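A.B. asks: First, the structure itself, so that you have it in front of you.
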């Protein structure tokens, strides 16, 4: 406040009192008004005023400067940035007040108004043309003055624009002096002894480390996750309007082009394109839609005598109708890699064991071997042939242990699945014979005979569809124990798992195509009142009271306890030849005469889960292994194909089916190849019988 009052007093003093006798100005050499007072009235003055007051005010500073130069001034080269500033708004961005009539406030808090008039474009142009120093003049917004740059300042600006250093004397490439190595010193630069604290662990660092360890244990500090360098792509046209013009252009489908003219449309076509009178008459009698040509080809000797085309307007009209009325659509072609369509299956070598090579051939039959069966222990195998013999073989040695001569060709043979009994059932013409081969344990053979001979007939004899006859004499010596006579020829026989029941198939027996016999009571029954279709094969469920009946195009599943139809499996084939039940009982396979092998998952659907067509001719037999996930099929092409069929306990996982091996060895005889296929009960071996009168073992 004292400084302001002193300045005000000095401003009011006359100008002649400002000078001392020695010609040096006093401390109050500024004859202008104070910053605050001049700033207060600067906005009200007219920059273009011609009053005498302005002239006097403008001359006083000039006279003062002339007087100052006469003597020595210690502050001649000293200046203050604040003295050059005519307003006291401070170092603030001037953009703050670009929308206001003032440019800030003075020390008294009063507004400092902007100049009432600035240079317009015309004055700016005249100044540019007349002022030779216009190119080096800049406008200072804080002081509202035009400042002329000196030569040194212009040179500095030029050097900075060229990317050089501002100081001309500065040399950026002067040789550097390495203070520590350019001279070898006797004493060290710093010989200050080490502090005691440098030998003691820092307590502050210890606290920091303990805090970090605690944060890591609590899970507050975690390692940074690795950055995912996978680029992210986005749809550039996701927000585009489909009805926009670009969208319509994108979906534009060009019109199909017209068919190019052929030789028949020439003015002088070859003779073979010209129609005869009969062809012309036939063409005229046809409907316009059925004609191959819409015109009659004509021959002209020269082009100048060709008349006008009479159907031109009509064809143009039809073309316009096609363009206007016929809709066009874009067909999207799906480019699919063929390798993607092939299922990813495991390699066969990872699915071992399974039979791979032929190990033994059982020879002895003179005609085709239609059927084979193996005992539960896997030691003996029985085969039936069209030469009317039933042969028993030892599996390991291939020796024929016994031959039984019967009355006709053996169509089917089945070994009793009960290991406590030694019985074999065989179909011969219209009868089923029950044999005791007498092989293996003698106690089992004798107990089996006692079981059969211990039958006591009931007091009341019920009428049965078959006749049970006890074998005697020569038949008994061969091993026959019972004969069951039927009205028609018997095609198949199969045992129940417990060994007391067995079922037979009589395709020509009308409504009684399937009969179930009970060995212990020697009674027979017809389980169906009416047969729906021609029965081909029957099978018992391994563990549950279900009965499978295969007709030509379907497989019916019956519940024997409830005596009702449980499920009907629809086969996608023309004629079923054989069926096999998985040991778990939930899956089934069938073979057909049209070279198809189908797998049914009964828990999944009534339609085939997978159909295999790897055989070239009709399938004759299919079989499951009791312990290994294997199944095989035999065909008339002379091959046996072994497949890996894994069934999982998880119902959500589908069975895995992989063909692993093709076994060949049988010769095709009379267009017949492999007739029957069975697996060894405990080993991954497969037996096959064929039309070449041999039985082959693959291990």
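The values are calculated or read from the model by the stated rules, or taken from the named source; none is laboratory data. If you're wondering where the values come from, they're calculated on a predicted model, not measured in any experiment. Please note: Cβ atoms are built from the backbone with ideal geometry, for glycine as well, and neighbour counts cover all protein chains shown.
A.B. asks: Let me spell it out: the conditions are (1) within 30 Å of residue 325 (Cα to Cα); (2) at pLDDT below 80; (3) surrounded by 11 or more Cβ atoms within 10 Å (Cβ to Cβ), and residue 262 meets all of them except one. Which number is the exception?
C.D. replies: Checking residue 262 against (1) within 30 Å of residue 325 (Cα to Cα); (2) at pLDDT below 80; (3) surrounded by 11 or more Cβ atoms within 10 Å (Cβ to Cβ), the one that fails is (2).
A.B. asks: Related question: Yes or no: the range 637-655 includes at least one residue that is in the same structural domain as residue 491 (by TED's automatic domain parsing), in contact with a helix residue (DSSP H, G or I) (Cβ under 6 Å, 6 or more places away or on another chain) and crowded, with 17+ Cβ neighbours inside 10 Å. Quick ask: steps written out before the conclusion?
C.D. replies: Applying the first criterion (in the same structural domain as residue 491 (by TED's automatic domain parsing)) to the range 637-655 yields 637-655.
Pick out the ones that are also in contact with a helix residue (DSSP H, G or I) (Cβ under 6 Å, 6 or more places away or on another chain) and you get 644.
Within this subset, residues satisfying the condition of being crowded, with 17+ Cβ neighbours inside 10 Å are 644.
Scanning the range 637-655 turns up at least one residue that is in the same structural domain as residue 491 (by TED's automatic domain parsing), in contact with a helix residue (DSSP H, G or I) (Cβ under 6 Å, 6 or more places away or on another chain) and crowded, with 17+ Cβ neighbours inside 10 Å.
A.B. asks: Okay, moving on. Name the residue, out of 560, 482, that is within 23 Å of residue 590 (Cβ to Cβ) and over 43 Å from the mean Cα position of the chain (by Cα). Steps first, please.
C.D. replies: Values: 482 fails: within 23 Å of residue 590 (Cβ to Cβ).
That would be 560, the only listed residue that is within 23 Å of residue 590 (Cβ to Cβ) and over 43 Å from the mean Cα position of the chain (by Cα).
A.B. asks: Let me ask something else about it. How about the range 485-511: which of its residues are surrounded by fewer than 19 Cβ atoms within 10 Å (Cβ to Cβ) and more than 60 Å from the chain's Cα centre (by Cα)?
C.D. replies: Once the filter is applied, which keeps residues that are surrounded by fewer than 19 Cβ atoms within 10 Å (Cβ to Cβ) and more than 60 Å from the chain's Cα centre (by Cα), the range 485-511 yields 485, 487.
A.B. asks: Another question, then. Please go through the range 99-120 and give me each residue that is loosely packed, with under 11 Cβ neighbours inside 10 Å and at pLDDT 85 or above, ordered by number.
C.D. replies: 99, 101, 109
A.B. asks: Identify all residues within the range 573-587 that are farther than 17 Å from residue 628 by Cβ and either over 34 Å from the mean Cα position of the chain (by Cα) or buried (at least 24 other Cβ atoms within 10 Å of the Cβ) (or both); write none if there are none.
C.D. replies: Result: 574, 575, 576, 577, 578, 579.
A.B. asks: OK, next. Has the range 444-451 got any residue that is closer than 25 Å to residue 677 by Cβ, at pLDDT 90 or above and crowded, with 19+ Cβ neighbours inside 10 Å?
C.D. replies: Quick first cut of the range 444-451, residues closer than 25 Å to residue 677 by Cβ only: none.
No, the conditions are met nowhere in the range 444-451.
A.B. asks: Pairs under 7 Å by beta carbon, first residue touching a residue at least 40 places away in the same chain (Cβ under 8 Å) in the range 186-203, partner in a helix (DSSP H, G or I), six or more apart or different chains?
C.D. replies: So the pair list comes out empty.
A.B. asks: From (1) free of Cβ contacts under 8 Å to residues at least 40 places away in the same chain; (2) surrounded by fewer than 18 Cβ atoms within 10 Å (Cβ to Cβ); (3) within 54 Å of the chain's Cα centre (by Cα), pick out the condition that doesn't hold for residue 543.
C.D. replies: Failing condition for residue 543: (1).
A.B. asks: So residue 518 ticks every box in (1) surrounded by fewer than 16 Cβ atoms within 10 Å (Cβ to Cβ); (2) touching a helix residue (DSSP H, G or I) at 6+ places or on another chain (Cβ under 8 Å) but one. Which box is left unticked?
C.D. replies: All conditions are met except number (2).
A.B. asks: Oh, and also: Just to verify a result, which residue in the range 440-457, among those that are in a loop (DSSP other than H, G, I, E, B) and free of Cβ contacts under 8 Å to residues at least 60 places away in the same chain, is farthest from the chain's Cα centre (by Cα)? Spell out the reasoning first.
C.D. replies: Looking only at the range 440-457, we keep the residues that are in a loop (DSSP other than H, G, I, E, B), and these are 440-441, 454-457.
Narrowing the set further to residues that are free of Cβ contacts under 8 Å to residues at least 60 places away in the same chain leaves 441, 454, 456.
Working: 441: 60, 454: 68, 456: 70 Å.
In this case the residue turns out to be 456.
A.B. asks: Let me ask you something else. Checking the condition out of contact with any helix residue (DSSP H, G or I) (no Cβ under 6 Å at 6 or more places or on another chain) and at pLDDT below 90, which residue from 209, 189, 213 passes? Break it down into steps so the answer makes sense when it comes.
C.D. replies: Values: 209 fails: at pLDDT below 90; 213 fails: at pLDDT below 90.
Within the list 209, 189, 213, the selection yields 189.
A.B. asks: May I ask you to list the residues in the range 481-514 that are farther than 24 Å from residue 678 by Cα and either touching a helix residue (DSSP H, G or I) at 6+ places or on another chain (Cβ under 9 Å) or free of Cβ contacts under 8 Å to residues at least 40 places away in the same chain (or both)?
C.D. replies: Across the range 481-514, the qualifying residues are 481, 482, 483, 508, 509, 510, 511, 513.
A.B. asks: List the residue pairs whose Cβ atoms are under 9 Å apart, where the first residue sits in the range 313-340 and is at positive phi, the second is at pLDDT below 85 and part of a loop (DSSP other than H, G, I, E, B), and the two are 6 or more positions apart or on different chains.
C.D. replies: Correct list of pairs: empty, since none qualify.
A.B. asks: Further, regarding this structure: Can residue 565 be described as more than 40 Å from the chain's Cα centre (by Cα) and over 17 Å from residue 606 (Cα atoms)?
C.D. replies: Against the criterion (more than 40 Å from the chain's Cα centre (by Cα) and over 17 Å from residue 606 (Cα atoms)), residue 565 does not qualify.
A.B. asks: Run down 303, 281 and say which single residue is exposed (fewer than 10 other Cβ atoms within 10 Å of the Cβ), more than 33 Å from the chain's Cα centre (by Cα), farther than 30 Å from residue 680 by Cβ and not assigned by TED's automatic domain parsing to the domain that holds residue 641.
C.D. replies: 303
Okay, residues lined up against (1) touching a residue at least 40 places away in the same chain (Cβ under 8 Å); (2) touching a helix residue (DSSP H, G or I) at 6+ places or on another chain (Cβ under 7 Å); (3) surrounded by fewer than 17 Cβ atoms within 10 Å (Cβ to Cβ):
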{"residue": "371", "(1), (2), (3)": "yes, no, no"}
{"residue": "381", "(1), (2), (3)": "yes, no, no"}
{"residue": "389", "(1), (2), (3)": "no, no, no"}
{"residue": "395", "(1), (2), (3)": "yes, no, no"}
{"residue": "399", "(1), (2), (3)": "no, no, yes"}
{"residue": "407", "(1), (2), (3)": "no, no, yes"}
{"residue": "419", "(1), (2), (3)": "yes, no, yes"}
{"residue": "424", "(1), (2), (3)": "yes, no, no"}
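A.B. asks: Can you say whether residue 433 is farther than 29 Å from residue 664 by Cβ, assigned by TED's automatic domain parsing to the domain that holds residue 502 and in a strand (DSSP E or B), as far as the supplied structure shows?
C.D. replies: Numbers: farther than 29 Å from residue 664 by Cβ: yes; assigned by TED's automatic domain parsing to the domain that holds residue 502: yes; in a strand (DSSP E or B): yes.
So residue 433 fits the description; yes.
A.B. asks: A follow-up question, please. Among the residues that make up the range 561-568, is at least one of them in contact with a strand residue (DSSP E or B) (Cβ under 6 Å, 6 or more places away or on another chain) and surrounded by 16 or more Cβ atoms within 10 Å (Cβ to Cβ)?
C.D. replies: No, the range 561-568 contains no residue that is in contact with a strand residue (DSSP E or B) (Cβ under 6 Å, 6 or more places away or on another chain) and surrounded by 16 or more Cβ atoms within 10 Å (Cβ to Cβ).
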